[in-house]
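Written out below as structure tokens is the structure these notes cover.
The values are calculated or read from the model by the stated rules, or taken from the named source; none is laboratory data. From a predicted model like this one, the values you see are computed outputs, not experimental measurements. A quick note on method: Cβ atoms are made from the backbone with ideal geometry, for glycine too, and the neighbour counts reach across all protein chains shown.
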């Protein structure tokens, strides 16, 4: 049996402040209610709903402006990291989302959360990699991560795009 709750704060992958959600009793009892991010949807709580939704709309406008400013600062930048490689040129370890957040903070002085970095798998290859960043309110940005070997004999050479062949007349 699902519990009906009114969200007081935004909950990732569940809903926004002011939403009425149905969740399993264990999730409500063990996480949402103790954390104070939701309350049971009683008649008194439902009166709070319109006020919470209005506050959320105002917060969404501010969040979107901040996200767009951050995205404009991030789009097109290149950050680089130097990694150790073995004698065959394979990386020891990998570059994770946490490493990318730390690099952006140290090189560009922009604060991000680790969950904003979208990586299917940690990066385990030398060279340039496109990294997507998902900010608040659906704003996205893209940066280039250049993974460089500390051993100069394993330098990845950038290949120029090939020009299309034209028919000789």
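So if I check each of 54, 130, 66, 88, which one is loosely packed, with under 13 Cβ neighbours inside 10 Å, within 29 Å of residue 11 (Cβ to Cβ) and either modelled with pLDDT of 90 or more or out of contact with any helix residue (DSSP H, G or I) (no Cβ under 6 Å at 6 or more places or on another chain) (or both)?
Just one listed residue meets the conditions, 54.
Go through the range 36-51 and report how many residues are in contact with a strand residue (DSSP E or B) (Cβ under 9 Å, 6 or more places away or on another chain) and exposed (fewer than 12 other Cβ atoms within 10 Å of the Cβ).
Matching residues across the range 36-51 total 1.
Limited to the range 133-156, what total is found for residues that are at pLDDT below 90 and either outside the structural domain of residue 101 (by TED's automatic domain parsing) or under 21 Å from residue 93 (Cα atoms) (or both)?
Residues of the range 133-156 that are at pLDDT below 90, as a first pass: 136-138, 149-156.
Among the residues that remain, those that are also either outside the structural domain of residue 101 (by TED's automatic domain parsing) or under 21 Å from residue 93 (Cα atoms) (or both) are: 149-156.
Residues in the range 133-156 being at pLDDT below 90 and either outside the structural domain of residue 101 (by TED's automatic domain parsing) or under 21 Å from residue 93 (Cα atoms) (or both): 8 in total.
If you go through the range 95-127, how many residues are over 14 Å from the mean Cα position of the chain (by Cα), surrounded by 15 or more Cβ atoms within 10 Å (Cβ to Cβ) and outside any helix (DSSP H, G or I)?
3
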